[in-house]
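So the structure is just underneath, and the comments pick up after that.
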Amino acid sequence: KILLGVGTNQLEYGTYNYDENKRYNGTFKLIQTFSQGKPALGNKDVVYYNGYLYYPIKYTAGGYRLMKTTLNIDGSMSSEMLVYDPVKNDGSHAIGGSPEGITVYNGKIICAHADPGSFYRFDANI
């Protein structure tokens, strides 16, 4: 967690740049850090939405896997894996390859894969 500097309140980190027309002045203070064990599969992007971190993990065997992570008061992180895995008529995975990005818009997860034009939008009950 970080505290952002506003106005003339210069905090310990960052580059101070006061502008009376802007609230954030470029400085910040570290309030709390969070940690978790090393994941088996690395993340490719991260977005914070509605109190959770969402990040796709590098899983290329079919489907889109992402973690929904809570930052706990004690500095730990709790995660659950969400899976979006649509299948084709022949039963094969409709999504394959490496996930490359994620965002949330209007309560829907929008994600991309390395294949050109491969964008997916779905509701993960977020």
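Using 28 Å as the Cα-Cα cut-off, could you pick out the over-long pairs in 29/68; 44/108; 22/44; 1/44; 1/58; 68/88?
22/44
Starting from 0.36 nm per residue, how many nanometres of slack lie between residue 98 and residue 45 once their C-alpha separation is accounted for?
Separation in residues times 0.36 nm, less the Cα-Cα distance, equals 17.9 nm.
Between residue 6 and residue 35, what's the calculated FRET efficiency when r is the beta-carbon distance and R0 is 35 Å? Round to 0.05.
0.80
Of 85, 123, which has the most accessible area with a 1.4 Å probe, and how do the rest follow in descending order?
Ranking 85, 123 by accessible area, largest first, yields 123, 85.
Considering only protein heavy atoms, what is the solvent-accessible area of residue 103 at a probe of 1.4 Å, reported in Å² to the nearest 10?
The accessible area of residue 103 comes to roughly 60 Å².
When a/c reaches 1.5 or more, the comparison of a/b and b/c decides; with that in mind, is the chain rounded, prolate or oblate per its Cα gyration tensor?
Prolate shape, in that a/c is at least 1.5 and a/b is the bigger ratio.
First measure r as the distance between the Cβ atoms of residue 81 and residue 13, then evaluate 1/(1 + (r/R0)^6) with R0 = 35 Å and state the FRET efficiency to the nearest 0.05.
About 0.60, to the nearest 0.05.
Taking all protein chains as present, what is the carbon and sulfur share of the accessible area of region 1-109, in % to the nearest whole number, probe 1.4 Å?
Carbon and sulfur together cover 50 percent of it.
Given a 1.4 angstrom probe, what's the average accessible area per residue across the chain, in square angstrom?
Averaged over the residues of the chain, the accessible area is 66 Å².
Quick query: amide H of residue 64 versus all other amide H atoms, modeled in the peptide plane; which residues come in under 5 Å with a sequence gap of 5 or more or a different chain?
84, 85
The values are calculated or read from the model by the stated rules, or taken from the named source; none is laboratory data. If you're wondering where the values come from, they're calculated on a predicted model, not measured in any experiment. So basically every Cβ, Gly included, is an ideal-geometry build from the backbone, and we count neighbours across all protein chains shown. All accessible areas refer to the heavy atoms of the entire protein, side chains included, with ligands and DNA or RNA removed. Shrake-Rupley method; radii C 1.70, N 1.55, O 1.52, S 1.80 Å.
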